[in-house]
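What follows is one structure encoded as structure tokens, with my remarks underneath.
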Amino acid sequence: MGKLTNKVAVVTGGNSGIGLSTAKAFIDEGAKVVIFGRDQATLDRAVETLGKDAAGVKGDVTSDADLTRLFDMTKAHFGKVDVVFANAGIAEFRPVEAANDEHFDKLFEINVKGAFKTIQKAVPALNDGASIILTTSAADDTGFAGTSVYSATKAAVRSFARTFSAELVRRNIRVNAVSPGPVATPLYGRMGMSEEEAKGIESHFASLVPLKRFAEAHEIAQAVVFLASSDSSYVVGTELVVDGGLTQL
Ligand code: NAD
């Protein structure tokens with residue numbers, strides 16, 4: 001019997017990177033999974049890879065209507081919601097002098113408001129005893145130059161894990177965060193940098209990590225499985241750091 005047998009999970013940003021790997025890990029542990037993402041073609045491909053225990057819903061975490069449809073469709077398709085992995089997010093790095101309003105608003109709209117709304121729309125659909133996991137980042141705990149806005153979005157999300165826990169504990173709903181260090185995903189290719197700049201940032205981050213490498217997405221997924229399952233039944237409001245020692249050594 002898997003750690004998530006008979007559980008139904010929703011994964012935002014489940015069509016790529018950490019979200020896709022976690023959707024696969026959830027299914028391997030016996031769950032049914034609904035993945036949510038903006039791009040129909042990658043959603044379709046992901047659902048095909050994940051197999052019969054997966055379904056896809058296209059939408060944007062900044063849209064109330066899309067999120068309402070996500071939880072309505074999950075209940076219609078699989079009957080209930082036991083786990084929400086609020087993972088969708090973007091990264092863009094700019095030094096403070098170059099960080100204009102557009103950069104600030106886009107990151108806060110998706111990473112902070114998107115995570116907030118995901119949980120706000122999930123709460124009425126969730127079973128008592130459910131588990132919520134938010135994706136933060138090693139960046140919320142350190143002062144990486146050039147990442148002020150991104151890091152602040154993740155610090156806000158880390159705060160949500162505490163306050164949502166305090167509000168939902170009466171229903172035995174546990175809220176926690178997973179905090180990855182650098183992970184090999186398509187995220188770095190979506191930051192609006194040239195390939196050379198992206199490679200430069202990647203090798204810089206890898207050199208800072210005590211393990212001297214990026215994580216593979218499945219290494220983050222296993223931590224999320226722990227937080228989603230009853231293995232973590234006494235873990236509430238915390239941030240599980242999975243960063244190769246980056247923020248700890
Ligand atoms: P990714 O680009 O592969 O995945 C991000 C996912 O979020 C994609 O599926 C994308 O479609 C989705 N998404 C983005 N904006 C959305 C929106 N408005 N509505 C719906 N979906 C949206 O990158 P990833 O590395 O897997 O990132 C997943 C999470 O992990 C993000 O929150 C990111 O900030 C966080 N993170 C990543 C790293 C890393 O090094 N890759 C490190 C720490 C934290």
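So the values come out like this:
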quantity	calculated
Tally of residues being without any contact (Cβ under 8 Å) to a residue 40 or more places away in the chain and within 16 Å of Gly114 (Cα to Cα) across region 127-151	1
Members of region 77-119 found to be among the β-branched types (Val, Ile, Thr) and either modelled with pLDDT under 95 or open to solvent by 10 Å² or more (accessible area, probe 1.4 Å) (or both), listed by number	Ile90, Val96, Ile110, Val112
Subset of region 115-134 that is assigned to a strand (DSSP E or B) and touching a strand residue (DSSP E or B) at 6+ places or on another chain (Cβ under 6 Å) - its residue that is nearest to the ligand (Cβ to nearest atom)	Leu134
Residue in region 165-185 that is open to solvent by 40 Å² or more (accessible area, probe 1.4 Å), among the hydrophobic types (A, V, I, L, M, F, W, C) and closer than 17 Å to Thr136 by Cβ present	no
Elements of type helices (runs of 4 or more DSSP H) in region 140-249, at least 3 residues being out of contact with any strand residue (DSSP E or B) (no Cβ under 6 Å at 6 or more places or on another chain), within 13 Å of the ligand (Cβ to nearest atom) and closer than 30 Å to Gly129 by Cβ	148-168, 217-228
Members of region 168-206 that are of a type in the set (S, T, N, Q) and within 25 Å of Phe116 (Cβ to Cβ)	Asn172, Asn176, Ser179, Thr185
Check on Ser194, open to solvent by 20 Å² or more (accessible area, probe 1.4 Å) and either touching a Cys at 6+ places or on another chain (Cβ under 6 Å) or within 30 Å of Arg174 (Cα to Cα) (or both)	no
Subset of region 1-30 [more than 17 Å from Val57 (Cα to Cα) and charged (D, E, K, R)]	Lys3, Lys7, Asp28, Glu29
Test for Thr5: is it out of contact with any strand residue (DSSP E or B) (no Cβ under 9 Å at 6 or more places or on another chain) and either open to solvent by less than 10 Å² (accessible area, probe 1.4 Å) or free of Cβ contacts under 8 Å to residues at least 60 places away in the same chain (or both)	yes
Region 146-155 - residue that is open to solvent by 30 Å² or more (accessible area, probe 1.4 Å) and of a type in the set (A, V, I, L, M, F, W, C) and, of those, nearest to Phe85 (Cα to Cα)	Ala155
Candidates Thr74, Thr68 - the one that is assigned to a helix (DSSP H, G or I), out of contact with any Ser or Thr (no Cβ under 6 Å at 6 or more places or on another chain), open to solvent by less than 20 Å² (accessible area, probe 1.4 Å) and more than 9 Å from the ligand (Cβ to nearest atom)	Thr74
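So that you can scan it fast, the table gives a plain yes or no per residue for (1) over 16 Å from the mean Cα position of the chain (by Cα); (2) hydrophobic (A, V, I, L, M, F, W, C):
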| site | (1), (2) |
| --- | --- |
| Val123 | yes, yes |
| Ser131 | no, no |
| Thr136 | no, no |
| Glu167 | yes, no |
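The values are calculated or read from the model by the stated rules, or taken from the named source; none is laboratory data. In this text, all values refer to a predicted model and were calculated from it rather than measured experimentally. Using ideal geometry, Cβ is built from the backbone for each residue, glycine included, and neighbour counts are taken over all protein chains shown. Ligands, DNA and RNA are excluded from the accessible area calculation, which covers all protein heavy atoms including side chains. Shrake-Rupley method; radii C 1.70, N 1.55, O 1.52, S 1.80 Å.
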